[in-house]
1. Looking at H83 and the list (1) outside any loop (DSSP other than H, G, I, E, B); (2) within 27 Å of I216 (Cα to Cα), which single condition is not satisfied?
2. Only one of L46, L51 is in a helix (DSSP H, G or I) and among the aliphatic types (A, V, I, L, M); which?
3. Can you pull out the residues in segment 20-37 that are part of a loop (DSSP other than H, G, I, E, B) and either surrounded by 15 or more Cβ atoms within 10 Å (Cβ to Cβ) or at pLDDT below 95 (or both)?
4. Would you point out the residue of segment 105-135, among those that are polar (S, T, N, Q) and surrounded by fewer than 20 Cβ atoms within 10 Å (Cβ to Cβ), that is nearest to W161 (Cα to Cα)?
5. Against the condition outside any loop (DSSP other than H, G, I, E, B), within 23 Å of H211 (Cβ to Cβ) and among the hydrophobic types (A, V, I, L, M, F, W, C), how does V144 come out, does it pass?
6. For R233, indicate whether it is of a type outside the set (G, A, S), at pLDDT 90 or above, outside any helix (DSSP H, G or I) and under 21 Å from I14 (Cβ atoms).
7. Looking only at segment 60-70, decide whether some residue is within 30 Å of D222 (Cα to Cα), surrounded by 15 or more Cβ atoms within 10 Å (Cβ to Cβ) and of a type in the set (S, T, Y).
8. Evaluate the following for E67: is it acidic (D, E), assigned to a helix (DSSP H, G or I) and touching a His at 6+ places or on another chain (Cβ under 9 Å)?
Amino acid sequence: MRTDATHNVELRLIRIPDALTSEQVCWLRGELPEADFDERRVPPNLHPRVLTERLLGRYYQRNLLAELTKTEPSAWCFHANIHGKPYVTHPNIDAAPHINLSHTQGALLCGVSRDAPLGVDLESIHRRPDFKKLTSRCFTEREVALLEASPCYHHGFYRAWTLKEAYLKAIGTGLRTPLQSVEILPDPENQLEIFRDGKRQNHWYVATEQHDDFVISWALSDIKNTPPKTRLRQMTHSK
């Protein structure tokens, strides 16, 4: 696979509209293979915002793969494991890169890793669920204590939530794994550590950042000694 060898992880944060116009859908039909419009993926009664996220997610994921491997976007085949985690194959590439995608209202986060399983997650800080109720269901006592000490509770909540979900997506189980069985905590040097069922998970890297109205996190496995080289690009869909 021919990629930019200086980066282990490529991330794209893309601002998207809440709904596509009929002209934009027509344009995407010319850019995406017909399989991406299969009724199992985009049923006729799909909510306009969900349709937008699915079509643009696939468009940007294909184009990121094509950019990194010097291939045609339409040549990639998308699959899912038994838990729903996506993966890709290519007729001319034996070891395909790892992919992951997240979306929230107004944005997509696409991720590609050259050589290790990857999970990404994205949330808008403007969403206001019942934080206290979710906290008691999703976080451990130590995580809750950190949230309570956070200078901004809802920002801290989204950092903790997206970190945990990125890790669960990276291991391929997603929310099928009990959320409170996983802890992500800072060590004495303020580096993030992952614990699963009380056991420290070695060779993992997790990170989180806030960009304008969005919190993003990513998790990558098989890290030996140093953090992966990561490149994040931001853009706005304008076609």
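The values are calculated or read from the model by the stated rules, or taken from the named source; none is laboratory data. No experiment lies behind these values; they were computed from the predicted model shown. Don't worry about glycine lacking a Cβ; one is built from the backbone with ideal geometry, like all the others, and counts go over all protein chains shown.
1. Here H83 clears every test but (1).
2. The conditions single out L51.
3. Correct list: L20, L32, P33.
4. The qualifying residue nearest to W161 (Cα to Cα) is T135.
5. No: the conditions fail for V144.
6. yes
7. Among the residues of segment 60-70, at least one is within 30 Å of D222 (Cα to Cα), surrounded by 15 or more Cβ atoms within 10 Å (Cβ to Cβ) and of a type in the set (S, T, Y), which makes the answer yes.
8. Considered against the rule, which asks whether it is acidic (D, E), assigned to a helix (DSSP H, G or I) and touching a His at 6+ places or on another chain (Cβ under 9 Å), E67 comes out as no.
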